[in-house]
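Only the coordinates and a few stated rules stand behind these numbers; no lab work does. Computed from a predicted structure; not experimentally measured. With ideal geometry, Cβ positions are generated from the backbone for all residues, glycine too; neighbour counts draw on all protein chains shown.
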Amino acid sequence: MANERSQGTAAKGDAAGGPVRYERRGAVAVVTLDSPPVNALGAAVRRGVAEGIGRAITDPRITAIVLTGAGRCFSGGADIREFGQPPVSPTLRDIIDMAEQSPKLTVAAVHGAAYGGGLELPLGCHYRVGAPSAEMTLPEIKLGIIPGAGGTQRLPRLIGAVRALAIILSGEPVGAEEAVKLGILDAVADGGLVEAAVAFAEARVADGSPLRKTSERKALPPPDGFFADQRKSIARRSRGLIAPGHCIDAVEGAITLPFADGMKKERELFVACRDSPQSKAQRHVFFAEREAAKIPDVPRDTPVLPIDTAAVIGCGTMGGGIAMNFANAGIPVTVLENKSDALEKGLGVIARNYAATVAKGRLGEADMEARMKLIRGTMDFGDIADADIVIEAVFEDLDVKRKVFGRLDRVCKAETILATNTSTLDVDQIARATNRPEKVIGTHFFSPANVMRLMENVRGAKTSPETIATVMKLSKAIGKVGVLVGICDGFVGNRMYHQYTRQANFLLEEGALPQQVDKAIYDFGFAMGPFAVGDVAGLDVGWRIRQRRAATRPKDERYSPIADRICEIGRFGQKTGAGWYRYEKGDRTPIPDPAIKALIEKVSQELGIERREIGDDEIRERCLYALVNEGAKILDEGLALRAGDIDVIWIYGYGFPAHKGGPMFHADQIGLGRVYDTLGRLAEVHGDMLRPAPLLESLARQGKAFKDQ
Ligand SMILES: NC(=O)c1ccc[n+]([C@@H]2O[C@H](COP(=O)([O-])OP(=O)(O)OC[C@H]3O[C@@H](n4cnc5c(N)ncnc54)[C@H](O)[C@@H]3O)[C@@H](O)[C@H]2O)c1
């Protein structure tokens, strides 16, 4: 087959460097999407595909058409930058229809990602052949929309409503092997994909196989009550989100309606999602996450060091979780503890964590063993000398950390990056304990470290571009979202969180109760309010930090003693069965506690504050605008590169509802003028802590948004 390549002729667009190539291989036309990086299906690509299919149809020598992608994948899907623009012909639906209605057999040859429109196009082809690398899904739900080019109608017709909906609701990719089992792919190519697809097409033509039109199939209906059950489960899992319910409605249409009507319904539901503030917010997060990887003074071609082995110092709450991230990514990791019982305990926790995942059916037994084998415990620094990166997660104590770093500097090879997971300490002071400050960086993970996706990568004064580039790349490699931040107390996330919880505590003094504050924040879209979160995380951690800082706290600063009082009576949260709430044995449901109400009322009385009725709007404004205001200060100080970076931090590290786009995006949506006015009004009552930040003021006065920064 390959030697017939010479017969290939370039399509018009090809010679001009167009994004779609056309080539004839014997009686088969090969139409190749060639628009790096991911062959997004923008207007020019769609035009090229339409021309390619049209040309093949009119060429009498051609009997079949193979559609494929150049470079690393078939297609990453629609060009979402076109969203909200007037539609340009041919649309995605048009070219998919062309592929399906083609009088000549069409075969999609899929490798790498075939996402969204990049899967809907193959679904419209008569047959599909995949490379082992193929990864297929309809990930639209992650952008707050539903598939809009027939995905909700063709996928159920191909693999049944139950499986199709599972893919559409998760947005997670299906590999080649599974795609064959499901019936998405007809075959997997062993060798060259295009050669195999051409041979496949020739064989189908030769044996007179029909031109299978997915739209003409009947979808396998789901069991009775399936859609109702799905709606119930979505109401719990995706509270407040529009897209999941619309996905269910659309897939139901594939069962109950003729294809054309189902397509009409899909379109209506798609448009409703696309035009919703939720989807706008989720698209913002999508771009912000990608943007966060870009650092102006660390260009893309900055050399990165290979990270083939890692070490973690300390196998406590954080160290164990951090080590799991490496093992999950297939990177061998050595965990060092200074006491054998702590090591044993830490490794035991890791093993139990994996076992729990296996028990839930989310990890195979063999995978668990493979991961556990990648984690090695030691008490000997000599064992970590060759690690490419060491992440320190010992006690939060500067002297302890500096000692550890001095020792690491002496023991580790010159190339080793030394990272600290400190949440409050100055990375530069830690770096000064070494002779390689350019290789020292903060990697601030969030608890539980094997679950939470955020990594605040903290740049020290001397951290080199190579170290930054390497750690940002590593974040991605271990499944995290890395955001580069500068050094300040609490870095970006915790510094903002502090302002948020401060307001929450003051609201208690002024008349609210924990359950009321938590409910207002929950209703906004957070999974939990600040007091419920405190009970999960443990109230003693913050208490110790406050005790340490008591001496240096400005005397005129408003300070709420309630949290300290709660710790003083031994209520540290869920781990002690009581904190801001009380808990029944073995149950994590927070139960409002009259004892806490009494304690709070007593504090109000002591402080001479007359308790008043506090509305949910005030709770949300005080807590959330305090966040935004601190975010503005952080931006002004250059400690976060962009407002979008702060949004990413809050979504992946603190559970800010993604469909609200993060605190800064949310403020932009409200309008900075309004946020500024509200804060100004609040500052009149509550003083400087809510005084609008200078950046907020200047943007508001210019009628600008944080995104214009
Ligand atoms: N817990 C959190 O939610 C959280 C979140 C982000 C960052 N952090 C930071 O992560 C670090 C660790 O916190 P944690 O909650 O895992 O603490 P932890 O107390 O659970 O674990 C610390 C571990 O370090 C070990 N250790 C202490 N000194 C050591 C030394 N010299 N050599 C080797 N091992 C040593 C201890 O035995 C212990 O097992 C701290 O800097 C903390 O501020 C914690």
Legend entry - Rg over Rh [alpha-carbon atoms, Kirkwood Rh] for the range 180-238: 1.21
Inset, instruction - Return the calculated 222 nm mean residue ellipticity for the chain, to the nearest 500 deg cm²/dmol, obtained by summing -39500 (n - 2.57) across DSSP H runs with n ≥ 4 and dividing by the residue count. - result: -15000 deg cm²/dmol
Inset, instruction - Quick one: compute a quarter of the convex hull surface over the Cα atoms of the range 134-195 and quote it in nm². - result: 4.5
Inset, instruction - Work out, in µm²/s and without decimals, the Stokes-Einstein translational diffusion coefficient of the range 620-694 at 20 °C, 1.002 mPa s, Rh from Kirkwood over C-alpha pairs. - result: 173
Inset, instruction - Give me the Kirkwood hydrodynamic radius of the chain, using the inverse of the mean 1/r over all pairs of distinct Cα atoms, in Å to one decimal. - result: 28.2
Inset, instruction - Compute the length gained on full extension between Arg565 and Met379: take 0.36 nm times their separation in residues and subtract their Cα-Cα distance, giving the result in nm to one decimal. - result: 63.0 nm
Inset, instruction - Do me a favour and compute the ellipsoid semi-axes for the range 15-167 from its Cα gyration tensor, root of five times each eigenvalue, largest one first, whole Å. - result: 23, 18, 15
Legend entry - Over 27 Å (Cα to Cα) - which of Lys218/Lys280; Lys462/Lys704; Lys439/Lys480 fall in this group: Lys218/Lys280; Lys462/Lys704
Legend entry - Cα-based equivalent ellipsoid, the range 163-282: semi-axes from gyration tensor eigenvalues, Å: 33, 18, 15
Inset, instruction - Give me the distance in nm between label points sitting 7 Å out from Cα along the Cα-to-Cβ direction at Ala228 and Glu610, one decimal. - result: 5.5
Legend entry - Hull volume in cubic angstrom per residue (convex hull over the Cα atoms of the range 85-162): 107
Inset, instruction - Give the dimensionless ratio obtained when the Cα radius of gyration of the range 269-415 is divided by 2.2 N^0.38 Å. - result: 1.35
Legend entry - Bins of 5 Å, starting at 0 and running to the largest distance - Cα pair percent for the range 405-534: 2, 10, 17, 17, 16, 12, 8, 7, 6, 3, 1, 0
Inset, instruction - Using only the Cα atoms of the range 573-686, construct the convex hull and provide its projected area averaged over every direction, in square nanometres to one decimal. - result: 9.9
Legend entry - Rounded to 10°, Cα long-axis angle of helix 643-654 versus longest principal axis of the chain: 80
Legend entry - Square roots of 5 times each gyration tensor eigenvalue, C-alpha, the range 18-97, largest first, Å: 23, 15, 8
Legend entry - Ranked packing of 119-132, 160-173, 398-411, 677-690, most packed first, by mean Cβ within 10 Å: 119-132, 160-173, 398-411, 677-690
Legend entry - Contour excess over end-to-end distance, with Cα ends at Asp587 and Ser340 and 0.36 nm allotted per residue: 85.7 nm
Legend entry - Quotient of C-alpha Rg and 2.2 N^0.38 Å, computed over the range 468-582: 1.24
Inset, instruction - Just grab the label-to-label distance for Ala43 and His498, each label 7 Å out from Cα along the Cβ direction, in nm (one decimal). - result: 5.0
Inset, instruction - Report the charge-dipole magnitude of the chain in Debye, nearest 20, computed about the Cα centre from +1 at each Lys and Arg Cβ and -1 at each Asp and Glu Cβ. - result: 400
